[in-house]
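Have a look at the structure below, then the notes.
The values are calculated or read from the model by the stated rules, or taken from the named source; none is laboratory data. Worth saying up front: this structure is predicted, and the values here are computed from it rather than measured. We place every Cβ from the backbone using ideal geometry, glycine too, and count neighbours over all the protein chains shown.
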């Protein structure tokens with residue numbers, strides 16, 4: 001089976017491991033992984049100073065171009081949820097039932113895109129009230145899969161998160 005196209009969002013203050021662990025884990029499974037930022041070729045520093053260059057700009061990517069969109073945590077989701085282009089891509093992905101995956105604070109983007117109502121999700125404990133108030137069914141589990149949506153709580157859950165993604169992509 002040919003690999004899937006996996007886009008991973010990057011932006012100032014992304015959480016290092018929540019971007020790079022799935023990036024390399026899915027690449028190792030034979031999937032084409034690449035980063036998507038607000039601006040193509042711009043370099044974004046993580047929360048801990050690790051740099052990530054956006055291989056694609058958000059204006060170049062449509063849901064029809066990718067099979068999976070991964071939304072890492074950190075402080076970056078607070079920027080992504082203010083970017084209409086990213087919210088539109090998230091909505092398009094969900095409408096097409098393509099895989100939407102988010103870790104930690106990533107569900108903030110799902111909340112603002114209005115795609116989590118009546119869905120079962122997990123997230124970092126600091127935003128579980130936000131998830132519940134947005135109409136989702138919160139579960140304190142390492143990973144939750146609800147149809148095309150995969151969510152996870154924090155870095156220590158990344159092995160389960162990636163296993164769930166890989167399983168969904170088979």
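Before moving on, here are some points about what is shown:
- So residue 106, is it crowded, with 23+ Cβ neighbours inside 10 Å, closer than 17 Å to residue 21 by Cα, in contact with a helix residue (DSSP H, G or I) (Cβ under 6 Å, 6 or more places away or on another chain) and modelled with pLDDT of 95 or more: yes
- Of the residues making up the range 71-102, those that are surrounded by 16 or more Cβ atoms within 10 Å (Cβ to Cβ) and part of a loop (DSSP other than H, G, I, E, B) are 72, 73, 81, 83, 98.
- Residues in the range 48-63 that are buried (at least 16 other Cβ atoms within 10 Å of the Cβ) and either within 19 Å of residue 89 (Cα to Cα) or free of Cβ contacts under 8 Å to residues at least 40 places away in the same chain (or both): 54, 55, 56, 58, 61, 63.
- Qualifying residue in the range 113-128 (condition: buried (at least 18 other Cβ atoms within 10 Å of the Cβ), touching a strand residue (DSSP E or B) at 6+ places or on another chain (Cβ under 7 Å), in a helix (DSSP H, G or I) and free of Cβ contacts under 8 Å to residues at least 60 places away in the same chain): yes
- Subset of the range 1-41 that is over 18 Å from residue 79 (Cα atoms) and in contact with a helix residue (DSSP H, G or I) (Cβ under 6 Å, 6 or more places away or on another chain) - its residue that is surrounded by the fewest Cβ atoms within 10 Å (Cβ to Cβ): 29
- Among (1) out of contact with any helix residue (DSSP H, G or I) (no Cβ under 6 Å at 6 or more places or on another chain); (2) free of Cβ contacts under 8 Å to residues at least 40 places away in the same chain; (3) surrounded by 21 or more Cβ atoms within 10 Å (Cβ to Cβ); (4) closer than 22 Å to residue 91 by Cα - the single one residue 44 does not satisfy: (4)
- Residue count for the range 7-21 under the criterion of being more than 10 Å from the chain's Cα centre (by Cα) and either within 19 Å of residue 56 (Cβ to Cβ) or touching a residue at least 60 places away in the same chain (Cβ under 8 Å) (or both): the result is 8.
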